[in-house]
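Some notes on the structure that comes next.
The values are calculated or read from the model by the stated rules, or taken from the named source; none is laboratory data. A quick note: this is a predicted structure, and the numbers were derived from the prediction, not measured. Here the Cβ positions follow ideal geometry from the backbone for every residue, glycine too, while neighbour counts run over all protein chains shown. The area values use the complete protein model at the heavy-atom level, side chains included, leaving out ligands, DNA and RNA. Shrake-Rupley method; radii C 1.70, N 1.55, O 1.52, S 1.80 Å.
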Amino acid sequence: MAAPATCTSEPAEAAHKPWYRQLYCWVLTAIVTGVLTGWLWPGVGTALEPVGTTFVAAIKMLITPIVFLTVVAGIGSVDSLGRVGRVGLKSLLYFQAGTLVALLVGLVAVNVFQPGAGVHAHPGDLHLEGDASQYVKDGQNQDWWHFLTDLVPSSAVGAFAEGDILQVIFFSVLFGVALKAVGPVGEPLVDGIQRLSSVIFKILHYVMLAAPVGAFGAMAYTIGKYGISTLTSLGRLIGLFYGTSAFFVIVVLGAVTAALRLNIFRLLCYLREEFFLVLGTSSSESALPRLMVKLEGLGIRRDIVGLTVPTGYSFNLDGSSIYLSLAAVYIAQATDTPLSIGQQLSLLAVMILASKGSGGITGAGFIALAATLSTVGTVPAAGIMLIFGIDKFMSECRALTNLAGNAVATLVVARWEKALDTAHVVTVLRTGEPDPLPEPSPQPAVNPSTGLPAQQPSNV
């Protein structure tokens with residue numbers, strides 16, 4: 001039986017198009033146009049909110065089936081379930097290390113540059129209002145073990161309906177393991193899932209044709225609603241966050257890719273369409289399906305991509321981690337709350353747990369920040385009102401850094417599994433044409449006495 005067409009065919013075809021027909025060019029043009037529209041005609045920009053939210057909703061509609069099909073197909077194609085467990089464990093270990101480094105980088109940056117010094121905001125004058133008040137309430141009710149208790153869905157259908165990626169991963173892994181365990185009985189279903197994946201990715205291709213329109217609407221709304229002047233009111237904090245994130249991607253992640261004998265700038269260029277899409281929509285989820293396609297196009301095994309990338313969207317949030325440490329200490333500086341090194345490290349320990357499992361939740365960064373401040377109690381939680389107005393402009397940077405971190409994490413896990421063909425990856429990054437390596441075929445059992453393939457038992 002012929003194998004279904006690979007889901008990377010669309011990006012491969014796109015690589016041959018001239019630059020002015022590439023998706024990233026149209027999305028970049030839409031972002032610039034959206035900024036101008038929101039700036040010059042704020043009323044029009046604000047009215048365009050449904051355009052951006054509808055596009056993001058269309059992408060989210062496909063995320064859960066893509067995650068399910070990719071994880072199940074990846075597990076179904078491996079030669080042993082032990083390999084699935086190794087990939088999952090190695091991914092979580094790397095995620096934990098990456099989160100810790102990101103938090104430390106943010107902590108060092110905010111202590112060196114001290115953007116909150118001189119603000120002298122009095123905590124008693126800060127009043128929680130609107131969404132910020134709700135985020136603090138959610139954070140106060142959020143225990144450190146929430147990502148474990150939230151892992152198991154109340155129903156399999158509910159996990160897909162609510163779009164909870166972590167719960168979908170949990171169900172998908174169980175389904176894939178069971179499918180692999182039943183042996184030949186499940187093989188037709190694995191083949192059907194692979195074929196269904198081709199259909200879902202074709203739908204994704206159709207949805208992505210509207211990406212420039214969605215990016216235009218989302219950016220016009222952001223500028224029209226909050227205004228460009230908001231960017232300058234807390235410019236020092238915004239600039240420090242963007243600069244620290246750029247340092248983390250170029251230096252820290254660059255060092256990791258250099259250890260893999262890869263160039264971070266070539267990787268970023270290879271993923272440029274996904275970065276522009278995230279920039280336009282302020283959502284890293286909008287690029288999740290295409291990121292998985294691009295990484296498979298580097299020749300990384302489907303089971304590694306299927307397990308590492310979706311899990312990383314909940315457990316490997318490098319940009320969100322930098323934001324948490326920067327924001328927490330900024331609030332302390334702005335409210336003249338002294339923090340010793342020990343107290344800052346206590347904040348760090350709570351942040352490691354508070355940041356997990358929050359990917360894809362509206363206001364996740366604020367909820368995790370409020371949970372941290374409420375748990376430690378040394379920094380007034382009401383201080384988040386100082387940065388609430390600029391959070392929208394910082395969310396793009398968080399999402400971009402998260403995307404880069406998960407791409408690098410997948411490469412690291414692939415190398416850890418000795419499944420990364422560096423020469424092949426370098427070639428793809430240079431040409432920009434995704435070209436996945438074929439999945440290895442299962443080798444027939446060999447009779448040790450004859451050295452010939454063993455006879456398979458008949459089912460008749």
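The heavy atoms of L196 offer some 90 square angstrom of accessible surface to a 1.4 angstrom probe.
With charges only on Cβ, +1 for K and R and -1 for D and E, what is the dipole size of region 187-311 about its Cα centre, in debye, rounded to 20?
Dipole about the Cα centre, nearest 20: 300 debye.
Going by a ≥ b ≥ c, the root eigenvalues of the Cα gyration tensor, does region 212-345 fall in the rounded group (a/c under 1.5), the prolate group (a/b larger than b/c) or the oblate group? Judged from the Cα gyration tensor, region 212-345 comes out oblate (a/c at least 1.5, b/c at or above a/b). In terms of accessible area, using a 1.4 Å probe and ignoring ligands and nucleic acids, F216, F393 rank largest first as F216, F393. For region 262-312, what percent of Cα pairs sit more than 16 Å apart? So the pairs more than 16 Å apart make up 42 percent of the total in region 262-312. Site pair K60 and A156 shows an inter-label distance of 2.4 nm when each label is modelled 7 Å from Cα along Cα→Cβ. Remark on region 169-270: Rg and Dmax equal 22.2, 63 Å (Cα only). Ligands, DNA and RNA left out, the 1.4 Å accessible surface of region 231-312 is 67% carbon and sulfur atoms. Phi-derived couplings, Karplus 6.51 cos²θ - 1.76 cosθ + 1.60 at θ = phi - 60°, listed residue by residue for region 55-67: 5, 4, 5, 5, 5, 4, 4, 9, 5, 5, x, 5, 4 Hz, with x used for Gly and Pro. Computed with a 1.4 Å probe on the full set of protein chains, the accessible area for E49 sits at about 70 Å².
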